[in-house]
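These notes are about the structure you will find just below.
Derivation of every value follows stated rules applied to the coordinates shown; laboratory data play no part. Note that the coordinates shown come from a computational prediction; the quantities given were computed from them, not determined experimentally. No Cβ is skipped: glycine too gets one built from the backbone with ideal geometry, and neighbour counts run over all protein chains shown.
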Amino acid sequence: MKYADEFRDPALAKKVLARIDETLARMPMPEGRPLHVMEVCGGHTHSIFRYGLQKLVPDSIEFVHGPGCPVCVLPMGRVDDCVTLAEHPGVIFTTFGDAMRVPGSRGSLLDAKARGADVRMVYSPLDALELARGNPDREVVFFALGFETTMPSTALTLLQAADEGIGNFSMLCQHITIIPTLKALLSDPHCLIDGFIGPGHVSMVIGNAGYRFIPERHGKPFVVAGFEPLDLLQSLWMVLAQLAGGRAAVENQYARVVPEDGNPAALRAIAEVYEDRESCDWRGLGAIDRSGVRIRAAYADLDAERRFGLVPADVADPEICQCGEVVRGRLKPFQCRAFGRECTPATPLGALMVSSEGACAAYHQYGATDGATDRGASDRSATDRGAPARG
Amino acid sequence: MRDLIDGIFLAAFGNAGIAALEDQARLPLADFGGGGLAFTTDSFVIDPVFFPGGDIGRLAVCGTVNDLVVGGARPVALSCSVILEEGLPLADLRRIAASMAAAAAEAGCRIVTGDTKVVPRGAADRIFVNTAGIGSIPQGRELAATRIRPGDALIVNSTLGLHGAAVMAARGDLGLATALESDCRPLGALVEALLDAAPGTHAIRDATRGGVATVLNEFADAAGVCCRIDEDRLPLTEAVRGLSEILGLDPLYLANEGLFVAAVPEPEAEAALAVLRPLPGGAAACRIGTVTGAPAGRVVMTSFFGGERLVDMLEGDQLPRIC
């Protein structure tokens, strides 16, 4: 397949892995633990598991799976808000597919659908707008979920709805922003992350300048990366090269997609439609200041929260869940007390077990293949969890 | 109702068994060999009803026929029960009945009994079809997943995911123009050829819903073995790869309607592939992996990149990823 196979060439991978070995040999290593490199984005977590990259890199490097999967950090209360709207008479509730299985305190959107709510999966916010045009006697609500990656398309859809004067369309906004969350992670004195593989799709929209505080204030390398296995290996090598050279900078491995200054047209649409929320809840991480946006008052009619007088639900994560520890990189998924027992892909408690980008679902699905060759497996038997990879 | 039955189903399925219009079809015992009977049933609901490469009628015949043939049976007779939503155009029903008759002829069996119900609008989605099938198993054939042994070659007859991808694209909500066609076909000729060339074959299953990954997991589970496959051997068309990339889906879990996975003893594997390849639906036949002892009950894939990963059972349907 053109433009994909080129970035999956095993022969080139060997060369990059040789460079990684060579760089590791001449750099200082942390004492008593492997080097921690956090891939921020859920798409990267998915690729790391799909291609078995953790097993390809030396044991002295450990990928820490970051908070950059919007479905995984979706708080239970917000799922309840979705269910409330979906069960509102006359509403067609539309959402991206992987948000449908995330559990709230009253079940997931799939459960609401089974109870009779009209919940539909769409591939684009424009499909939801089309549904509104085709069903003028129904209220169509789109669940606008995601980081800056999906913000431009939802903003432009909302502007189009306003332009056309479509009166039965609105959006429930759950857009969140990655930089305040990275700041919160790094301000934690227990943070043991040595370098970052930065999100490619988010950066395509916002550009790279916003990450500069990471090398400048915290002295950590930050390399914006693509999603193919060679992208990730090359980015890892770029992080190591910075550490070996005793420097820290924002670098862009994904220059074929990410412009230094982002996408000005997309940023204009975002600024037109959205403004910062004072605070936003993240599953497992709690409230983080200015880490999300809401729809501006000028578009109040198109804001489902205002339109339906929604009182946002505030629901604590289940007590047994340790999603927060996993998202912060303090626990590996299989070290969570609920992993593979109370929490499985069939009965997920936390969203990390729901999305194919979630670290827990990835461990469960793509987990270790045998104890002798995989650290994950040996760790697992050490915690006496039995064989959790089959629920 | 009588018009519906006579005008559409009898006209399409016309044979001595069904034309008698008794309350049951009567089949001579001579139609069945001495090895035993195979009996199966399946219900079919699909959106859209007509899709590139097939329709619900063809699907309902092939699905049941294939459940018989992968057990080594030769299909003899099928039943066909339909539940129709009031308002379904008769032209659609005629087209579906003709397609069932054609598929049954292709599979070498007859539709000998049936039933029709019409329910009010909204109580069904256009048309639901149930087919049951019986077949004869020739003496000496004993295909079963529990017979799979370490050392067996794992082979498939076709490229993965054609049906699942074609139906997804045909739903139209993706806005993608593709040339994807379902692989919906009866597998009898392919299975017979395989069993001729590789009589020691241990097990065959058609990889419908849940895809090849699900069948391999069932194999591993039933026989207490490990199915090891190589990602770079999986036969995939560019169109299925492309759609999977765009939607973040894994073709290993996409549905097929003309694909089986067989566990064949190593010494017979090459002969099996050689007879499959010249046949319709067998051109892409290839070996995708090998059965080993450990880890028991697991499916392990070596990625083309050299890494290894587990291929687990899927929970629910695959959901497209957000970004």
Distance in nm between B:Leu37 and A:Arg138 label points, each 7 Å along Cα→Cβ, equals 4.6 nm
Putting +1 on Lys and Arg Cβ atoms and -1 on Asp and Glu Cβ atoms, find which of B:Asn130, B:Ser158, B:Thr201 reaches farthest to the positive end of the dipole of segment B:105-260.
B:Asn130
Please tell me the relative contact order of chain B in percent, rounded to the nearest whole number, where contacts are Cα pairs under 8 Å and at least six residues apart.
22 percent
Inter-chain shielding of B:299-306 (mean C-beta neighbours from other protein chains, 10 Å cut-off):
6
Quick check for me: using +1 on Lys/Arg Cβ and -1 on Asp/Glu Cβ, what's the dipole size of segment B:1-111 about its Cα centre, in debye to the nearest 20?
360 debye
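Kindly put A:Ser203, A:Ser105 in sequence by how many other C-beta atoms sit within 10 Å of each C-beta, fewest to most.
Final ranking by Cβ density, sparse to dense: A:Ser105, A:Ser203.
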Out of B:Ala20, B:Ala11, B:Ala197, any idea which swings most in a Gaussian network model of chain B, alpha carbons joined below 10 Å?
B:Ala20
Max mean-square fluctuation residue, GNM over chain A, Cα-Cα springs under 10 Å, options A:Phe227, A:Phe143, A:Phe308
A:Phe308
Per the helix-only calculation at 222 nm, which mean residue ellipticity applies to chain A, given -39500 (n - 2.57) for every DSSP H run of n ≥ 4 and division by its residues, nearest 500 deg cm²/dmol?
-10500 deg cm²/dmol
I need A:His201, A:His175, A:His65, A:His36 ordered by Cβ neighbour count within 10 Å, fewest first.
A:His36, A:His201, A:His175, A:His65
Principal axis dimensions, largest first and in whole angstrom, of the protein assembly as shown by Cα:
86, 63, 45
Taking the Cα centre of chain A as the origin and placing charges on Cβ (Lys, Arg +1; Asp, Glu -1), which of A:Gly107, A:Phe227, A:Ser60 is farthest toward the positive end of the dipole?
A:Ser60
Taking every pair of distinct Cα atoms and averaging 1/r, then inverting, what Kirkwood hydrodynamic radius in Å comes out for segment B:92-181?
18.1 Å
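Rounded, prolate or oblate for segment B:145-310? Axes are the square roots of the Cα gyration tensor eigenvalues, ordered a ≥ b ≥ c, and the cut-off for rounded is a/c under 1.5.
oblate
Taking the Cβ of B:Ala124 as the centre, find all other residues whose Cβ is under 13 Å away and add up their charges (Lys, Arg: +1; Asp, Glu: -1).
Computed value for this residue: -1.
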So how much slack lies between B:Ala19 and B:Ala283, counting 0.36 nm per residue of separation and subtracting their Cα-Cα distance, in nm?
91.2 nm
Which angle from 0 to 90°, rounded to the nearest 10, does the C-alpha axis of helix A:151-164 make with the longest principal axis of chain A?
20 degrees
Measure nothing but the geometry: give the 0 to 90° angle between the long axis through the Cα atoms of A:264-273 and the longest principal axis through the Cα atoms of chain A, rounded to 10°.
50 degrees
What average count of beta carbons from other chains do you get within 10 Å of the Cβ of residues in A:91-101?
3
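Among A:Met38, A:Met27, A:Met151, which comes first, then next, by fewest other beta-carbon atoms within 10 Å? Walk me through the numbers before you get to the answer.
Working: A:Met38 28, A:Met27 14, A:Met151 25.
Sorted ascending by nearby Cβ count, the order is A:Met27, A:Met151, A:Met38.
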Would you kindly state how much longer the chain becomes between A:Ala265 and A:Leu186 on full extension, computed as 0.36 nm times their sequence separation minus their alpha carbon distance, in nm to one decimal?
25.4 nm
At 7 Å along Cα-to-Cβ for each site, give me the label-to-label distance between A:Glu6 and A:Arg341 in nm.
5.0 nm
Each label sits 7 Å from Cα toward the beta-carbon; between B:Leu29 and B:Asp196 the label points are separated, in nm, by 3.0 nm
Chain B: most fluctuating residue of B:Pro150, B:Pro52, B:Pro295 per GNM, C-alpha cutoff 10 Å
B:Pro295
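On a 27 Å Cα-Cα criterion, which of the cross-link pairs A:Lys2/A:Lys332; A:Lys15/A:Lys55; A:Lys14/A:Lys183; A:Lys220/A:Lys332 come out too long?
Table pairs above 27 Å Cα-Cα are A:Lys2/A:Lys332; A:Lys14/A:Lys183.
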Tilt, helix A:178-187 to longest principal axis of chain A (alpha-carbon atoms), in degrees rounded to tens, equals 50 degrees
